Each structure stands twice: as C-alpha cells, then as structure tokens.
1. Loop sites only, by DSSP: take the GluC sites (Glu not before Pro) in the chain that have at most 13 other C-beta atoms within 10 Å and name the longest stretch containing none of them.
2. Pairs Lys233/Lys258; Lys77/Lys123; Lys302/Lys334; Lys51/Lys117; Lys205/Lys272; Lys51/Lys302: which exceed 28 Å Cα-Cα?
3. Taking volume of the Cα convex hull per residue in Å³ as the quantity of interest, determine which of [x] 137; [y] 178; [z] 126 was computed from the displayed structure.
4. For the chain, calculate the relative contact order in percent as a whole number, restricting contacts to Cα pairs under 8 Å that are 6 or more residues apart.
5. List, in order, the whole-Hz ³J(HN,Hα) value for each residue of the stretch 310-316 obtained from phi through the Karplus relation with A = 6.51, B = -1.76, C = 1.60 and θ = phi - 60°; use x for Gly and Pro.
6. Summing +1 for each Lys or Arg and -1 for each Asp or Glu, what net charge is found among the other residues whose Cβ lies under 10 Å from the Cβ of His29?
7. Which ordering of Val180, Val330 is given by a fewest-first count of other beta-carbon atoms within 10 Å?
8. Whole angstrom only: what separates the Cα centroid of the stretch 184-252 from the Cα centroid of the stretch 267-289?
Amino acid sequence: MPETKVAVVILNYNGKHHLQKFLPSVVEHSQGYTIYIADNCSKDDSVSFVKSSYPEIQLINNPKNLGYAEGYNQALKHIHAQYYILLNSDVEVSAGWIDTLLEALENNPEAAACQPKLLDYRKRDFFEYAGASGGYIDTLGYPFCRGRLFDQLERDNAQYNSSVEIFWASGACLLVRAEVFHRAGGLDGDFFAHMEEIDLCWRIKNLGYSILVEPRSTVYHLGGGTLEKQSTKKTYLNFRNNFSTLFKNEKGNKLFYKIPLRLVLDGIAGIKFLFSGQVLHTIAILKAHFHFYLRIPSLIKKRRQIRSLPGFRHSKTGVYKGSIVFERYVLGRKTFSELEQGFFS
C-alpha cells in the first residue's frame, strides 16, 4: 500500500450516534486526506453505517474492544502514512484544521506532535477539558492545561492563541509523526484509556523532540464519549495511569519523594470524595493504587526499555515548577495565567 502524507484515524466503539453527528464536518474539512475508522469490534451497526454512508472512508476492524491505547496501536499497524491524526469520534472540526497543524510541524522539524485548540462543543466559547490550548504537568506529575486547571474551565477570549511548546498534546485530536510514534513505542496498551497521550508525549520529549499547540486550528470536543466524567471507572483509570506515567518516565531518584507525596495527595482526594458522599470514587482510588503496586515489576521493565532507546534524555521543558494542587486548592488560582512559579525550559 502506498504511503499517504496524513491519515486521519478515528477510533470507534459503539459510537454510531457520534459518527452520524461528527463525521460530516470531518469529511467536509479533510478533503485531500485519507480518513480511517478503526473499529473496536462495535456491537451496534457503526460499521454498516460507515460502509453505506461513507464508502470513501477506509475501515479497519479490530478483533475485540482493545481500548483507546491498544486499539490505536493495532489499527496504525495497517496504515502507511507520514503523519497520523488521532481524532476522537466526538469532535467537530473546522476549515483548515489539518493544514495549520501540519504547517506547525513542518516548520518545526524538532517537533514531533501537535494539537489544535480544543473548545467545548456544548459551550463553544469555553475551553474543553481534554486539552484546552495545550497540556502541562506540575512537578508531581499532575496534568493541567492552558485554559483548564483541574475542573476549572476558562472562557476563550483569545488569551491563549499563541503557538507554543507544551508538555503534552491531547489525544482527542493529536497530529504526530508516524516514525516518532513507533520509535517511542506507541501508546501503552496496558493503560486501556486515559492518560496514554501524556505518557506518549513524555516519552517523545525524552527522545529530544518537542510538542506544540497550534491554536489557529480549532476543534470542538463533546467529551465523555466513552466514559462519563462522573464514572468511577474513569476515576480509577486516571489515578492508576497517572501513577504509572510518573513511574515510567520520571528520574529514579525523584520518585523516592514524589511517590510518597502523591500517595498523601491522592489520599486527601479520596477523603474528599468520601465526605462528599461519593464512596465509590474513594474505592476507585484505592483500587487504582493497589493495581499500580501490582504493576511495578512490569513498569520497571518499561522504564528500562524507554531508557535504552537511542537519543534518550530526561526533558523537563513544559513542567510547572510548583504544585498545581497547591495553586488551585490552597491559593485559589482559577486560571492558567495566574500561575506564578513558572515552567522549566
């Protein structure tokens, strides 16, 4: 199969309703590029819908529901492209969305991945949780965004319209160089879903590449397409996978104090859930920690594999020097622009 320049790849699982709503914009604004639906063995009639309504779209059928991470890993093995765009099925795109992302990477050969500005599909003048205008982590590995601190979402007043280097790009809409994606080891299939793009971007940065946001490209994300925000499974995956990401990618000597600090802070989060009557979320955090401990032997193996890659070096660019938990819940900061500690460069 000849190589295409950009492959737009949409992972789907029982998402016919999303495909019906959002595919029209993707088809309209992706002329000249190849669109793929990677189906995770859906039980609805997603596949037959795509075949009948969009015969020009390429279909890849995974043998079972492999989750976001491994679902993409397996599907991308069948796609020959210079660039992949991993696009959620619940995203509405706009004119020129691909060209501006592509231009950002082609003008910056040291950059390996790029995301657009993500706005809320329902509240279109607000940033969307999954990536806003670029992702970062703090010194303890907690993720946040330019435009979103934990659950505090900002209104988009063009305050974050600059194209800048970030720490992680959103998996809801991610343009990535295919060669770098595979060299970094792809997405971690053990994550299933949530945090896998942060883990991938951290590995890519540790290979010497940068990650960008290009807000001239704007998309609108519905969010919660697979797991609702209040899902206890989402809480479990977020806490488990965030711990795993930190353990895999952070310097070993720093884990000795960061892991205990994280245990304390996660414990406080669990207590907060408990006293707000959300006992199942507290149980989800405990379960996440327990399963993280069980995974430590395999995570050590993954750490060694990452560090054996040619060109590996630890990158701190885009890491916030302070604690985002302290900034948000002690100092009461609500916006990205209020942060004062600064970022490593």
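1. Values: sites that count: Glu3, Glu56, Glu110, Glu228, Glu340.
Value returned for the longest uninterrupted segment is 111-227.
2. Values: Lys233/Lys258 25 Å; Lys77/Lys123 36 Å; Lys302/Lys334 36 Å; Lys51/Lys117 31 Å; Lys205/Lys272 34 Å; Lys51/Lys302 39 Å.
Distance filter (> 28 Å) returns Lys77/Lys123; Lys302/Lys334; Lys51/Lys117; Lys205/Lys272; Lys51/Lys302.
3. Computed from these coordinates, volume of the Cα convex hull per residue in Å³ corresponds to label [x].
4. Working: 653 pairs, mean separation 62.8, N = 345.
Averaging sequence separation for qualifying contacts and normalising by length gives 18 percent for the chain.
5. Coupling constants for the stretch 310-316: x, x, 5, 7, 6, 10, 10 Hz.
6. Numbers: positive: none; negative: Glu28, Glu92, Asp99.
Value of the local net charge: -3.
7. Values: Val180 17, Val330 9.
Ranking Val180, Val330 by Cβ neighbours within 10 Å, fewest first, gives Val330, Val180.
8. 22 Å
Each reported figure results from applying straightforward, stated rules to the coordinates on display, with no laboratory input. Here the structure is a predicted model, which means the values were calculated and not measured. Here the Cβ is made from the backbone with ideal geometry for all residues, glycine too, and neighbour counts use every protein chain on show.
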